[in-house]
Amino acid sequence: MILLPCPHCGPRNASEFRYAGEASTRPDPNATTPEEWRAYLYIKNNPAGWTTEKWFHRTGCRRYFTAERHTVTNEVRETRLPAARLESNS
Amino acid sequence: MTRSFFSRNGTRSGYQKQARYSAFDLFRRGLSGAEWPRAWRSRDPKSSYDVVVIGGGVHGLATAYYLAKEHGITDVAVLDKGYIGGGASGRNTAIIRSNYLTPEGVRFYDRSVKLYENLSAELNFNVMFSQRGHLTLAHNDGAVRTMRWRAEVNKLEGIDSEVIGPAEIKNLVPFMDTSEHTRYPILGALYHPPGGIIRHDAVVWGYARGADAHDVHIHPYTEVQGIDVENGRVHGVRTNRGGIATSKVVNCTAGYSSLISGMAGVGMPIGTFPLQAAVTERVKPFLHPVVVSGTLHVYVSQTDRGELVFGASVDPFTSYSTRGSLEFIEGLAGHVLELMPSLSKLRLLRQWAGLCDMTPDYSPIMGVTPVEGFYIDVGWGTWGFKAGPVSGEAMAELVATGKTPKIIAAFDLARFAEGRLVGEKGAAAVGH
């Protein structure tokens, strides 16, 4: 089990969170082919090392945030709110 | 085509005789004290091979074995970065069954069960396949509906599979709590008599020995560090023991399949998740069939040694770590006791984790890739071991003939780009 530092709530047990997948850029659905859309849906980087991913604090503040985690050691070096949320709030 | 490993005088030109295991040979060597020859040889890698198989587990070794035996392609190397059978082939819970949900899946896994039934004779190696029956419990109406659906698909494909009620379950497993006063009362089960468990290491060793008898080279501790691709064609692989020129590479890895495919520039729809399992101390035989509960996320079987083997669903986030967690073992113990309260005094001996390549549709990915000469047999998630023989057979045919066999045609990589997924979640999410 690992501790995950939520940007709002501080370090919490990972079982409080839902893993929401690798961080990726969503293409514009109106300007993309079905093949490109499926590649966005399905193809993963799945690295053995540092990765940027989304988490949801299910039993805490119920917010999505971005984490940088090492997939071999499960060390977490940074968590932050997603850039899009920061922009819309400002 | 059937062909014995050796001609009548017991030798084939160019390589050392393997022992043919038999009761007589055991008796003879017991009297004479003669050494047993090694099951497979260790050698230095050549600078080129016709086919290089990456991954020395059941899938890679079966592919190499059937390439040599069925198609006469013996200039084959099997590379593994660790020891033979040390990855997912040695970490699964060794359950074999074919009661899947989609017709493609049922046909495919049933071929594997048929191959497993004859494997001990085929390989002259006791793989201890015990077809003791397989029960998938249903604790709610939705699960009962899926069980009936599966049973009907299974019967149409000629598989022995039926839905049974709590009284029949109690008959098969007297220690199961089938009362209505539990948190998740048991409403019924999908009963699959040909399902069972196997000695997974023996399957790996048997295929390695069989491949070696056909002069396939097996190279443990040989890590692939790069794949040379030029103009969309494979030219070779780079390893920690030197470069190997080849025009055909088969990726038969689990856990690390994204990384290997990435070396050839092929993107994978795969996330690597650890799956934990555990065994108890040994007790007298009391549990005959394999028992699986999707609702409780647990499956239980008793090995021939008497240990209870427990497995569960994958960890909740991707990782390449194979460390176990206390949280997992607490949850697992609680779920097992929901099913069989009488096990409360049993002690757990050990737990471990293996890496599972989860695909979006819970089906594997087999076949060609956009890179010519680079084949994949990956995405085996939590359902890979039971498919080892049929995958090896089909991948060998693909590599030898260049044509995708019908039995794996639905599982190609292109299905993700073309939007025709093979949804097996109802039969593969938990219950291996």
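Here are the numbers for this structure:
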quantity: Peptide-level mean, for A:31-44, of C-beta atoms on other protein chains within 10 Å; calculated: 4
quantity: Residues B:HIS200, B:HIS219, B:HIS181, sorted so that the one with the fewest Cβ neighbours within 10 Å comes first; calculated: B:HIS181, B:HIS219, B:HIS200
quantity: The protein assembly as shown - share of DSSP beta bridges that are antiparallel (%, nearest 5); calculated: 75
quantity: Relative contact order of chain B, defined on C-alpha pairs under 8 angstrom at six or more residues apart (%); calculated: 22
quantity: Centre separation in Å (Cα based) which lies between the range B:406-425 and the range B:281-357; calculated: 31
quantity: The range A:3-80, relative contact order [Cα under 8 Å, separation at least 6], %; calculated: 30
quantity: Amide H contacts under 5 Å for B:ILE227, placed H, 5+ residues apart; calculated: B:ARG238
quantity: Amide H partners (placed H, <5 Å) of B:SER319, local residues excluded; calculated: B:THR272, B:PHE273
quantity: Which of A:TRP37, B:TRP205 has the fewest Cβ neighbours within 10 Å, and the rest in rising order; calculated: A:TRP37, B:TRP205
quantity: 10 Å Cβ neighbours from other chains, averaged over peptide B:267-276; calculated: 4
quantity: The range B:301-306 - phi-based ³J(HN,Hα) in whole Hz, Karplus 6.51/-1.76/1.60, Gly and Pro as x; calculated: 8, 10, 7, 5, 7, x
quantity: Note, ³J(HN,Hα) from phi for the range B:269-280, Karplus 6.51, -1.76, 1.60, rounded to Hz, x at Gly and Pro; calculated: x, 9, x, 8, 10, x, 10, 9, 9, 7, 10, 9
quantity: Over chain B: helical MRE at 222 nm, DSSP H runs n ≥ 4 each giving -39500 (n - 2.57), nearest 500; calculated: -8500 deg cm²/dmol
quantity: Length-normalised contact order for the range B:34-182 - Cα pairs under 8 Å, 6+ apart - percent; calculated: 16
quantity: Karplus (6.51, -1.76, 1.60) ³J(HN,Hα), θ = phi - 60°, over the range B:220-227, in Hz, Gly and Pro reported as x; calculated: x, 6, 10, 8, 6, 10, x, 10
quantity: Per-residue Cβ neighbour rank within 10 angstrom, fewest leading, B:PHE129, A:PHE56; calculated: A:PHE56, B:PHE129
quantity: Under-5 Å amide H pairs with A:PHE17, H placed in peptide plane, nonlocal only; calculated: A:ARG58
quantity: Acute angle (nearest 10 degrees) that the helix B:141-156 long axis makes with the longest principal axis of chain B, alpha-carbon atoms; calculated: 50
quantity: Equivalent-ellipsoid semi-axes of chain A, from the Cα gyration tensor, Å, largest first; calculated: 25, 17, 11
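Computed from the coordinates by the stated procedures, all read-outs in this text should not be read as laboratory data. Note that the structure is a prediction, hence the values are computed from the model and not measured. So basically every Cβ, Gly included, is an ideal-geometry build from the backbone, and we count neighbours across all protein chains shown.
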